[in-house]
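Beneath this line is the structure, given in structure tokens, with notes to follow.
The values are calculated or read from the model by the stated rules, or taken from the named source; none is laboratory data. From a predicted model like this one, the values you see are computed outputs, not experimental measurements. Here the Cβ is made from the backbone with ideal geometry for all residues, glycine too, and neighbour counts use every protein chain on show.
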Amino acid sequence: MPERASGALIGIDFGTRKVGVALGHSLTGSARPLEPVRYTDQSALLAGIEAVLNRWRPECVVIGLPLTGEGGESDMTRKVRDFAADLAERQPGLQIEFHDERMTSLAAADAFAGRRKEGRARKRDARLLDSMAAALILESWMAEHA
């Protein structure tokens, strides 16, 4: 794999149909949504994520960890951990971090609704909602690790 880019980070919001992806930079502490990756099966998903990693060469990938309201683990949490283990196996040396993602999908939907109301987003932009959640996960992680 090519050398890691200084400061580049990738955020991931794992879903069973689409996986949101965001690009961030540790210097600015901000992230922007990228096109989500379709989840048809684990192999296709990993190939799609690897294409993103090869393009941006991040120094770290931050994956949202879907915990229960009480902070416990669920079936989805285990799916995310399995995905991360498969990614780590295919991308040796890649730093992978987990970050509590509770409420990020709701926050992304609220932010999108606000931008629609202000005329700054169109209905077709809703396809990026999962990636907007990934951006929020990444920005929250960066704020905690500043």
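Restricting the search to region 66-78, which residues are surrounded by fewer than 15 Cβ atoms within 10 Å (Cβ to Cβ) and either part of a helix (DSSP H, G or I) or out of contact with any Leu (no Cβ under 8 Å at 6 or more places or on another chain) (or both)?
Within region 66-78, T68, G69, E70, G71, G72, D75, R78 qualify.
Conditions (1) exposed (fewer than 13 other Cβ atoms within 10 Å of the Cβ); (2) assigned to a strand (DSSP E or B), marked per residue:
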{"residue": "G15", "(1), (2)": "no, no"}
{"residue": "V21", "(1), (2)": "no, yes"}
{"residue": "L27", "(1), (2)": "yes, no"}
{"residue": "A31", "(1), (2)": "no, yes"}
{"residue": "E35", "(1), (2)": "no, yes"}
{"residue": "T40", "(1), (2)": "yes, no"}
{"residue": "L45", "(1), (2)": "no, no"}
{"residue": "V52", "(1), (2)": "no, no"}
{"residue": "V61", "(1), (2)": "no, yes"}
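Read through the list (1) of a type outside the set (S, T, Y); (2) modelled with pLDDT of 95 or more; (3) within 12 Å of G64 (Cα to Cα), then give the number of the only condition that D100 fails.
(2)
Pairs needed: first member in region 123-146, closer than 10 Å to K18 by Cβ and at pLDDT 90 or above; second member anywhere, surrounded by fewer than 24 Cβ atoms within 10 Å (Cβ to Cβ) and β-branched (V, I, T); C-beta distance under 8 Å; at least 6 residues apart or different chains.
Going by the 8 Å Cβ cut-off, there are no qualifying pairs.
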